[in-house]
1. Take every Cα-Cα pair in region 262-316 and report what % of them are more than 14 Å apart.
2. Share of region 127-189's accessible area from carbon and sulfur, percent, 1.4 Å?
3. Here is the link list: K88/K146; K88/K229; K178/K263; K146/K229; K229/K284. Which ones come out longer than 19 Å on Cα distance?
4. 7 Å from Cα along Cα→Cβ at both S104 and K91: what's the point-to-point distance in nm?
5. Taking the alpha-carbon set of region 112-167, what are its Rg and Dmax in Å?
6. Mind listing the Cα extents of region 148-200 along all three principal axes, in Å, largest one first?
7. For the ranges 251-262, 303-314, 205-216, what's the packing order if you count other beta-carbon atoms within 10 Å of each residue, average per peptide, and put the highest first?
8. Suppose R0 equals 51 Å. What FRET efficiency, 1/(1 + (r/R0)^6) with r the Cβ-Cβ distance, do E272 and L17 give to the nearest 0.05?
Amino acid sequence: MDEQEEQEEDNSEEAWLQLRPVEPLVSQCCGSGCSPCVFDLYHQDLARWEAARASKDRSLLSGQKPQSCPSELNPETFVGFRISATEKVTKDTYHVRFALPASSQLGLRPGQHLILRGRVNDLEIQRAYTPISPAHAEGYFDVLIKCYQTGLMSQYVESWRPGDVAFWRGPFGAFCYKPNQHGELLMLAAGTGLAPMVPILQNITDNAEDETFVTLVCCFRTFEGIYLKAFLQEQARFWNVRTFFVLSQENSMERLPWSYRDKTRFGRLGRELVEELLGDCRKKPFALVCGSADFTTDMARCLQDAGLTQDSYFLF
């Protein structure tokens with residue numbers, strides 16, 4: 001086959017169709033409103049492919065970036081990071097550490113999140129997770145991941161071992177914390193919704209010039225299920241930080257350590273307690289909410305009922 005015949009074969013309709021980008025499945029969208037979304041990236045690649053096919057110029061496809069491991073974080077391209085350690089912190093939640101090159105930093109602002117890509121039984125899935133490591137952490141980043149019995153991503157995460165590589169892209173997130181921007185932050189977190197609060201809180205307490213007050217309310221089912229107890233106890237020692245716990249499946253203070261009894265309520269976080277927390281704020285509050293979809297909706301309603309306007313709270 002001569003050179004002309006090879007070029008004609010390379011530019012055949014069948015050859016171009018094999019290069020056509022594959023439209024993502026619904027499962028590949030994490031549903032967090034990321035920009036660019038996996039569907040945005042698909043349409044960008046599709047437009048690039050259509051332009052290349054029209055001009056019969058494959059070099060126009062070179063805008064697609066290859067994956068690498070490890071490398072610099074990118075919001076459009078998945079980048080591989082090696083797992084250095086995994087720890088099961090509760091019966092269904094893992095604390096996972098990923099290695100970064102040398103003493104480099106991840107490059108997230110406190111409260112921003114990443115998108116994790118997994119593959120189970122040839123099905124690609126994507127989910128959003130917020131690193132809990134300090135924004136200035138060097139050489140690593142940590143993620144808290146809750147696994148569900150029937151979750152596809154959970155199957156993928158539970159298969160991880162140190163040395164494995166997982167692919168992430170980012171950062172994403174509309175909320176970026178600025179020191180002293182608000183008088184007081186009222187953080188309402190349920191379960192792993194605690195994750196975005198952790199780097200924001202640590203950013204405040206690590207900065208001697210940041211005098212923002214913080215009231216952190218952590219909602220869990222049981223005392224044993226509370227994440228990051230040592231970290232939360234340490235943060236509560238700062239002059240501007242208060243922590244509270246709301247436990248939905250506990251009913252006896254005698255089962256709790258003494259240090260938790262004065263700052264724990266039983267039941268669910270609702271309108272009455274939200275109003276009480278807002279009333280106890282030392283300065284004008286700005287609320288941050290993160291948890292399940294139902295929790296987030298309920299808390300937004302409670303905050304509005306308590307008189308907060310939409311520009312006075314943020315829903316992760």
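1. Values: 792 of 1485 pairs.
Tail of the P(r) past 14 Å holds 53 percent of the pairs.
2. Numbers: 1230 of 2580 Å².
Heavy-atom surface of region 127-189 belonging to carbon and sulfur, 1.4 Å probe: 48 percent.
3. Details: K88/K146 10 Å; K88/K229 14 Å; K178/K263 28 Å; K146/K229 16 Å; K229/K284 28 Å.
Beyond 19 Å between Cα atoms: K178/K263; K229/K284.
4. 4.0
5. Spelled out, the Cα radius of gyration and Dmax of region 112-167 are 12.1, 37 Å.
6. Here the spans come out as 43, 23, 19 Å, largest first.
7. Working: 251-262: 10.7, 303-314: 14.1, 205-216: 15.8.
With the highest mean Cβ count within 10 Å placed first, the list reads 205-216, 303-314, 251-262.
8. Details: r = 61 Å, r/R0 = 1.20.
After rounding to 0.05, the efficiency reads 0.25.
The values are calculated or read from the model by the stated rules, or taken from the named source; none is laboratory data. Since we're looking at a predicted model, the values are computed, not measured. Glycine gets a Cβ as well: all are built from the backbone with ideal geometry, and neighbour counts include every protein chain shown. The accessibility values were calculated without ligands, DNA or RNA, using every heavy atom of the protein model including side chains. Shrake-Rupley method; radii C 1.70, N 1.55, O 1.52, S 1.80 Å.
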